[in-house]
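Colleague: Below are the structure tokens for one structure; questions will follow.
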Amino acid sequence: EEVRDYLTKRIWQLKHVRYPEKAIENLDLSARAYNALKAQKLHTIEDVQDFGLQNIGMLRNAGPRTVKEISDALDRFNAD
């Protein structure tokens with residue numbers, strides 16, 4: 001019981017405390033999508049929104065599926 005409570009608390013901390021609230025790490029992206037954003041120096045969700053989804057498709061290694069993944073992740077994040 002005590003171990004389970006500790007693990008539950010630790011998982012919550014890793015999900016919610018490890019990164020600032022608006023960091024792209026909170027989008028749970030694939031490595032390809034994450035790396036494409038980081039290569040463009042887009043570190044926050046606001047950076048990605050300001051950059052625009054139409055421009056993400058022009059990034060190296062960011063094809064239509066990656067753009068859709070990022071778009072869906074932004075929708076999920078904004079819905080929470």
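The values are calculated or read from the model by the stated rules, or taken from the named source; none is laboratory data. Fair warning: this is a prediction, and the values are worked out from it, not measured in the lab. Don't worry about glycine lacking a Cβ; one is built from the backbone with ideal geometry, like all the others, and counts go over all protein chains shown. With ligands, DNA and RNA removed, areas are computed over all heavy atoms of the protein, side chains included. Shrake-Rupley method; radii C 1.70, N 1.55, O 1.52, S 1.80 Å.
Colleague: Among the residues of region 1-37, write down those that are in a loop (DSSP other than H, G, I, E, B) and at pLDDT below 90. Outline the logic, then answer.
Modeller: Here is the first cut: in region 1-37, the ones in a loop (DSSP other than H, G, I, E, B) are 1, 17-22, 28-30.
Hits for region 1-37 are E1, V17, R18, Y19, P20, E21, K22, D28.
Colleague: Kindly indicate whether I70 is touching a Phe, Trp or Tyr at 6+ places or on another chain (Cβ under 8 Å), at pLDDT 80 or above and hydrophobic (A, V, I, L, M, F, W, C).
Modeller: Here the answer is no, as I70 does not meet what is asked.
Colleague: Still on this model: I need a count of the residues in region 33-49 that are open to solvent by 50 Å² or more (accessible area, probe 1.4 Å), within 13 Å of R60 (Cβ to Cβ) and not charged (D, E, K, R).
Modeller: Selection size over region 33-49: 3.
Colleague: When the residues of region 50-80 are narrowed to those that are among the basic types (K, R) and in a helix (DSSP H, G or I), which ends up surrounded by the most Cβ atoms within 10 Å (Cβ to Cβ)? Before you say what the answer is, go through the steps one by one.
Modeller: The first filter runs over region 50-80 and keeps only residues among the basic types (K, R), leaving 60, 65, 68, 76.
Okay, now just the ones that are also in a helix (DSSP H, G or I), so 65, 68, 76.
Values: R65: 11, K68: 13, R76: 11.
So the residue we want is K68.
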